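Below you'll find the structure, written out as C-alpha cells, and then a few comments.
The values are calculated or read from the model by the stated rules, or taken from the named source; none is laboratory data. Since the model is a prediction, treat every value here as computed from it, not as a measurement. Positions of Cβ are backbone-derived with ideal geometry, glycine not excepted, and every protein chain shown enters the neighbour counts.
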Amino acid sequence: MLVSISLAASAQEQAPPAETPVAPERWNLFYQATSIGQYHGTFHSPYYGRFSLQNYMERDVSLTTTLFFGLRLEKNTVLYFDPEIAGGKGFSGVNGLANSSNGELPRVASATPKPYVARLYVSHDFAFGGEMESFESLGNQLAGQRPVNRYTVTAGRFTLTDFFDNNRYSHDPRTQFMGWAVMFNGAWDYPADVRGYTWGWVHELHSRNWSFRYASAAMPRVANGLRFDRRLLRNRGDVFEGEYRYTMLGHPGAIRLLNYENHANAGNYSGAIRQAEGSSAAPDVASTRRNGTLKYGFGFNMEQEITKDIGIFARLGWNDGKTESFAFTAIDRLATAGVSITGQRWRRRFDTAAAEFTAGGISGVHALYLARGGYDFLIGDGRLRYGREYIWESYYSARVIPGVFASFDLQHVSNPAYNRDRGPVWIPSLRLHLELGKNTFAGHAGP
C-alpha cells in the first residue's frame, strides 16, 4: 500500500472541544506548506539488495502544500475538500527502512511536484440529547457546536489516520515526529493508495468519555499501488477502534484499542518459500497472491499529560506476520514510547522539544523469507541476519514568527530493515512549516 502514506499522515487532526460556546462557521479556509531536507552519510554495508538503503551520501528534500476547505451544508452536515501538491524523493527511492524517516514522502515514481485531491468527504451528525460541545476553526474542522452524544457518518475520500490511532503528541509529521512508525502505528497496514488516501466510510459513536469507530475502505490493487481494487465485497479493509478519555490528578489522558482486518489480492511468505524450495530462485511473495487473503492485527495507543507542558505517549502493535506487507510498511511487531515538552519552562510557549524510541520487528517466517533473498515492496537486502530495527528520534520545533515553524530532527537507526549486518545510520533533518488561516496568530498547539 502506500507505503508512503505519509502525506496522509500530515492531515491536521481535530482539536479538542473549546471551553466556551463558539458561533457556527459557514465555511473556512486554511493553508499549509511543509518542506523537509534530510541527509545520511555512509555506514557499514557488506552487501545490499534491490530495496536496500544505499551506502553513500544522500541528500533529499520533500515539499507538500495543502488547502483545507470546509463548508457547512446544513446544521449537522459538513463537506471538506483538500487539494494538495506533493513532490520530492526520499532516500534510495523511499526504500531500505521499515520505519522510514520522512512521513511526508510517498513512494511515487517522480520527484516532480504533482497536484491531486487528498480529501473530499461529507460528514453528518445524528444527535442523542441536547448537550452540546464547541469546536474552534481549524483545517478540516468548522467552528461551532456539535452534540456531545452523537452518531457520525463520514463518506468519501480521506485517510483513515484522520479518524483512527490519533495521539496528541505523535500524529503529524509536519509538526511532530517524522518516522512512519511513530506518527502512526507501524504494525497497522491501513488501507490506502501510494499517497496514503482511500475511499470509504467511517461510523463513529461518541459520548463525553468514550468513542467507538468503525470504517470500511478500499484496498489498493497491488502492494503500494496507486489504483484501488473495486471488488469491495471481497477485497477491502475494515477497522475498529474503541477510545476512552479520562482525567488523572487533573490531567487528561486517553487509551485507544484498534483492530483491523484487511482482505486483498495479497500473498503469503510461507507459500513463497515453499515455491522456491529446490531451486536457485529467491522466493517471491507476489507469485502467491490470491483474492480475499486476510491480514489482521491489533494496536494499543495511550497518551497522558503529566503537567501542563509535559506529556508522554506509547504505542504497541502486532499483526499476523504471515501475509505480505501490502499498504503501509513492513512491520509486524511494534513498541514505541516518548515524551513531549513545550517551551513554557524557558519562556518559549509555542516551541516543542520531544524524544522517542521505537522498536520494530517481523515474524519468523517473514524474516526467513527476507533471509532467502525475498523482497517486500520497500525492504530487501538479498540476505538477512535478523535483528529488530531500533530507531531513536528527537526534535526541537521553534516558532519563528506566528504561523512559521522551524524544526531540527535527528534519527539514529540500528539494524536498518532488520539487518544486523548493516548500519547504524544517522539521519539529521531540517523542517520548515507554514500555517495560514484564522488561527495563524493564535499560536501552534503543543502538548
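What number of residues within the range 88-130 are assigned to a loop (DSSP other than H, G, I, E, B) and free of Cβ contacts under 8 Å to residues at least 40 places away in the same chain?
Within the range 88-130, residues that are assigned to a loop (DSSP other than H, G, I, E, B) and free of Cβ contacts under 8 Å to residues at least 40 places away in the same chain number 8.
Just a yes or no: is a residue in the range 27-37 within 30 Å of Ala330 (Cα to Cα) and among the hydroxyl-bearing types (Ser, Thr, Tyr)?
Within the range 27-37, one or more residues are within 30 Å of Ala330 (Cα to Cα) and among the hydroxyl-bearing types (Ser, Thr, Tyr).
Within the range 362-384, how many residues turn out to be aliphatic (A, V, I, L, M), surrounded by fewer than 23 Cβ atoms within 10 Å (Cβ to Cβ) and either in contact (Cβ under 8 Å) with a residue 24 or more places away in the chain or under 30 Å from Trp346 (Cβ atoms) (or both)?
Total meeting the criteria: 3.
Is at least one residue of the range 148-157 more than 11 Å from the chain's Cα centre (by Cα) and outside any strand (DSSP E or B)?
Yes, that holds for at least one residue.
Quick one: which residue in Val194, Val202, Val182 is touching a Pro at 6+ places or on another chain (Cβ under 9 Å), among the hydrophobic types (A, V, I, L, M, F, W, C) and either surrounded by fewer than 24 Cβ atoms within 10 Å (Cβ to Cβ) or not in a loop (DSSP other than H, G, I, E, B) (or both)?
Val182
Going by what's in this entry, would Pro283 be described as surrounded by fewer than 16 Cβ atoms within 10 Å (Cβ to Cβ), in contact (Cβ under 8 Å) with a residue 40 or more places away in the chain and on the phi < 0 side of the Ramachandran plot?
no
Go through the range 217-262 residue by residue and tally those that are out of contact with any Lys or Arg (no Cβ under 6 Å at 6 or more places or on another chain) and in a strand (DSSP E or B).
24
Of all residues in the range 425-447, how many are modelled with pLDDT under 95 and either under 30 Å from Tyr56 (Cβ atoms) or outside any strand (DSSP E or B) (or both)?
Of the residues in that region, 11 qualify.
Could you please find all residues in the range 137-160 being surrounded by fewer than 24 Cβ atoms within 10 Å (Cβ to Cβ), out of contact with any Lys or Arg (no Cβ under 9 Å at 6 or more places or on another chain) and of a type outside the set (Val, Ile, Thr)?
Across the range 137-160, the qualifying residues are Gln141, Gln145, Arg146, Pro147, Arg150, Tyr151, Ala155.
Identify, by number, the condition in (1) touching a Ser or Thr at 6+ places or on another chain (Cβ under 6 Å); (2) at positive phi; (3) of a type in the set (Gly, Ala, Ser) that Gly292 doesn't meet.
(1)
Which one is surrounded by the most Cβ atoms within 10 Å (Cβ to Cβ), of the residues in the range 59-79 that are at pLDDT 95 or above, of a type outside the set (A, V, I, L, M, F, W, C) and over 22 Å from His433 (Cα atoms)?
Among those residues, the one meeting the criterion is Arg72.
For the range 362-384, which residues satisfy the criterion of being of a type in the set (D, E, K, R) and either more than 22 Å from Ala187 (Cβ to Cβ) or part of a helix (DSSP H, G or I) (or both)?
Arg372, Arg383
I'd like to verify a number: residues in the range 385-424 that are crowded, with 21+ Cβ neighbours inside 10 Å, within 23 Å of the chain's Cα centre (by Cα) and assigned to a loop (DSSP other than H, G, I, E, B), how many?
Qualifying residue count for the region: 1.
Of the residues Arg245, Arg230, Arg274, which single one is among the charged types (D, E, K, R) and over 24 Å from the mean Cα position of the chain (by Cα)?
After ruling out the rest, the residue left standing is Arg274.
Considering the range 324-346 alone, what residues qualify as being surrounded by fewer than 24 Cβ atoms within 10 Å (Cβ to Cβ), part of a strand (DSSP E or B) and not charged (D, E, K, R)?
Hits for the range 324-346 are Ala335, Ala337, Gly338, Val339, Ile341, Thr342, Gly343.
I'm trying to understand the selection: among the residues of the range 352-366, which are within 17 Å of the chain's Cα centre (by Cα) and under 15 Å from Arg420 (Cα atoms)?
Ala359, Gly360
Being modelled with pLDDT of 95 or more, part of a loop (DSSP other than H, G, I, E, B), buried (at least 24 other Cβ atoms within 10 Å of the Cβ) and among the small types (Gly, Ala, Ser), is that true of even one residue in the range 161-177?
Checked the range 161-177: at least one residue is modelled with pLDDT of 95 or more, part of a loop (DSSP other than H, G, I, E, B), buried (at least 24 other Cβ atoms within 10 Å of the Cβ) and among the small types (Gly, Ala, Ser).
When the range 61-87 is examined, which residues are found to be of a type in the set (S, T, N, Q) and in a strand (DSSP E or B)?
Ser62, Thr64, Thr65, Thr66, Thr77
Yes/no per residue for (1) under 29 Å from Ala417 (Cβ atoms); (2) at pLDDT 95 or above; (3) under 13 Å from the mean Cα position of the chain (by Cα):
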{"residue": "Asn209", "(1), (2), (3)": "no, yes, no"}
{"residue": "Ala215", "(1), (2), (3)": "no, yes, no"}
{"residue": "Leu226", "(1), (2), (3)": "yes, no, no"}
{"residue": "Gly237", "(1), (2), (3)": "yes, yes, no"}
{"residue": "Phe240", "(1), (2), (3)": "no, yes, no"}
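Which of (1) surrounded by fewer than 19 Cβ atoms within 10 Å (Cβ to Cβ); (2) under 25 Å from His433 (Cα atoms); (3) at pLDDT below 95 does Pro83 not meet, given it meets every other one?
Exception for Pro83: condition (3).
Output yes when any residue across the range 311-320 is assigned to a strand (DSSP E or B) and farther than 18 Å from Ser170 by Cα, and no when none is.
Checked the range 311-320: at least one residue is assigned to a strand (DSSP E or B) and farther than 18 Å from Ser170 by Cα.
Consider Pro252 against the criteria (1) under 24 Å from Asp162 (Cα atoms); (2) of a type outside the set (Gly, Ala, Ser); (3) crowded, with 16+ Cβ neighbours inside 10 Å: it satisfies all of them except one. Which criterion is unmet?
In the conditions (1) under 24 Å from Asp162 (Cα atoms); (2) of a type outside the set (Gly, Ala, Ser); (3) crowded, with 16+ Cβ neighbours inside 10 Å, Pro252 misses (3) alone.
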